[in-house]
Amino acid sequence: MEFTAQQIAGLLDGEIEGNPEATVSDMAKIEEGKPGTITFLANSKYEQFIYTTKSTIALVNKTFVPEKDLPATLTLVKVDDAYKCLTKLLAVYDQATQNKQGIEQPSFISDSSSLGENCYVGAFAYIGTNVTIGKNVKIYPHVYIGDNVTIGDDSTIFSGVKVYVNCKLGKSCTIHSGAIIGSDGFGFAPNAANNYQKVPQIGNVILEDYVEVGANTTIDRATMGSTFIRKGVKLDNLIQIAHNVDIGENTVIAAQTGIAGSTKLGQEYDGRWPSWYCWSLKIGRWC
């Protein structure tokens, strides 16, 4: 998909210096620019590269004044904040390139389940009984959705994700490959025979709106009740969240963190981050 400098400037409320009809179809780092790509300059540390970049369009701050001649083939789009505008542009690009719809075969969708408008279901996906899926949801190949699961509008579930029975995902959630939502909590009780009796885990996991779960992260279902991942939580890759945990709104957790059962996290604000921020292996320090 191609975009002109004029279209990009219109989207970002920017000003053009150069050819408004210059077209790009991909993005590149400024030091690796190629014809047909758009790059950006937000940090003066990288300014040297804008004088040699081969990109067709560069996104720069309105305050940028070149110290020497720019490449003749380069068109500038000047904006108030190049980094924030890049984020917006990346979101548009991602939406355009990931705009899949339809149901691929082979896949299985129970007759008792419902899909909203404009959904995508990839090949070899499995959707169990009484599943409710909102509109614009994307379910990539080899995803398992268990019985009685609910998935809100505009959510994306990437290849290889497993969502166990009775779990609930809000709107605009993103679940990356290999994540498991709703596996059993680690519950065993010693008995008279000096071994362990499994404690059935009959609860579920609830992900509220705008949650993102990284690749190969696991979230255990509650023994009873629910494991809660509240609105806006962002989880990195390779995180283990145990049963009956409650993670508060807008909490961000870095990779390789483990959270023990029934922990309540991010329920208070201490002024240092949008919510409590957990560094890998340092959960006892801040949280």
Open item on the list: Output wanted: per-residue J couplings in Hz (rounded whole) for the range 140-154, from phi through Karplus 6.51 cos²θ - 1.76 cosθ + 1.60, θ = phi - 60°, x for Gly and Pro.
Closed with: 7, x, 6, 8, 10, 10, x, 4, 6, 7, 10, 10, x, 4, 6
- [ ] Compare S262, S44, S25 in a GNM of the chain, Cα atoms joined below 10 Å, and give the one with the largest fluctuation.
- [x] S44
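For a footprinting-style exposure proxy, rank K264, K168 by other Cβ within 10 Å, fewest first.
Working: K264 14, K168 19.
Result, fewest neighbours first: K264, K168.
Please label the shape of the range 1-141 as rounded, prolate or oblate, based on the square roots a ≥ b ≥ c of the eigenvalues of the alpha-carbon gyration tensor (a/c under 1.5 means rounded; beyond that, a/b larger than b/c means prolate, else oblate).
Numbers: a/c = 3.35, a/b = 3.02, b/c = 1.11.
In terms of gyration-tensor shape, prolate.
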TODO: Putting +1 on Lys and Arg Cβ atoms and -1 on Asp and Glu Cβ atoms, find which of S107, M224, G170 reaches farthest to the positive end of the dipole of the range 102-286.
DONE: M224
Task: Among P71, P200, P106: highest mean-square fluctuation, GNM of the chain, C-alpha pairs under 10 Å - done: P71
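In percent, what relative contact order does the chain have, based on Cα pairs under 8 Å that are 6 or more apart in sequence? Walk me through the numbers on the way to the answer.
Values: 815 pairs, mean separation 22.6, N = 287.
Over the chain, the number comes to 8 percent.
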TODO: Treat every Asp and Glu Cβ in the chain as -1 and every Lys and Arg Cβ as +1, leave all other atoms uncharged, and give the resulting dipole magnitude about the Cα centre to the nearest 20 debye.
DONE: 760
Open item on the list: Please list 3J(HN,Hα) in residue order for the range 86-96, calculated via the Karplus relation 6.51 cos²θ - 1.76 cosθ + 1.60 where θ = phi - 60°; whole Hz, with x for glycine and proline.
Closed with: 4, 4, 5, 5, 4, 5, 5, 4, 4, 5, 5
Task: Set of aspartates and glutamates with alpha-carbon distance to K34 below 14 Å, sequence-local pairs under 8 removed - done: D26
Task: Antiparallel DSSP beta bridges within the range 3-97, as percent of all bridges there, nearest 5 - done: 30
Open item on the list: Loop-only chymotrypsin sites (Phe, Trp or Tyr not before Pro) in the range 127-213, please: DSSP not H, G, I, E or B, and at most 15 other Cβ atoms within 10 Å.
Closed with: F186
TODO: Among (1) 1.23; (2) 0.94; (3) 1.13, find the value of Cα Rg over 2.2 N^0.38 Å that was calculated from the structure presented, and write down its label.
DONE: (1)
TODO: Just the number, please: Stokes-Einstein D of the range 117-230 in µm²/s, Kirkwood Rh from C-alpha pairs, 4 °C, 1.567 mPa s.
DONE: 90
- [ ] Run down the lysines and flag those whose C-alpha is under 30 Å from the C-alpha of K234, throwing out any fewer than 8 positions away in its chain.
- [x] K29, K45, K84, K88, K100, K135, K138, K162, K168, K171, K264, K282
Task: the chain - mean residue ellipticity at 222 nm from DSSP helices (-39,500 (n - 2.57) per run, n ≥ 4, rounded to 500) - done: -3000 deg cm²/dmol
TODO: Pop out the ³J(HN,Hα) list for the range 162-174 in order, Karplus 6.51 cos²θ - 1.76 cosθ + 1.60 with θ = phi - 60°, rounded to Hz; leave Gly and Pro as x.
DONE: 10, 10, 6, 4, 6, 7, 10, 10, x, 7, 6, 8, 10
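If you add up the charges near C119, with Lys and Arg at +1 and Asp and Glu at -1, over every other residue whose beta carbon is less than 15 angstrom from its beta carbon, what do you get? Could the numbers behind the result be given before it?
Values: positive: K100, K135, K138, K171; negative: E104, E117, D153, D154.
Overall, the nearby charge balance is 0.
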Task: Choice from Q48, Q256, Q201 showing the highest fluctuation, given a GNM over the chain with Cα pairs closer than 10 Å - done: Q48
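Taking the DSSP beta bridges in the range 102-286 as the whole, what percent of them are antiparallel, to the nearest 5?
On the way: 3 of 50 bridges.
Looking only at bridges with both residues in the range 102-286, the antiparallel portion is about 5 percent.
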Task: Spatial separation of Cα centroids for the range 144-165 and the range 28-73, in angstrom - done: 41
Task: Hits among aspartates and glutamates - C-alpha to C-alpha of K62 under 18 Å, sequence gap 8 or more where chains match - done: D13, E15, E17, E47, D80, D81
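A short reminder: the numbers here are calculations on the coordinates, not readings from a lab. Predicted model, so just to flag it, every value in this text is computed and none were measured. Every residue, glycine among them, receives a Cβ derived from its backbone with ideal geometry; neighbour counts consider all protein chains shown.
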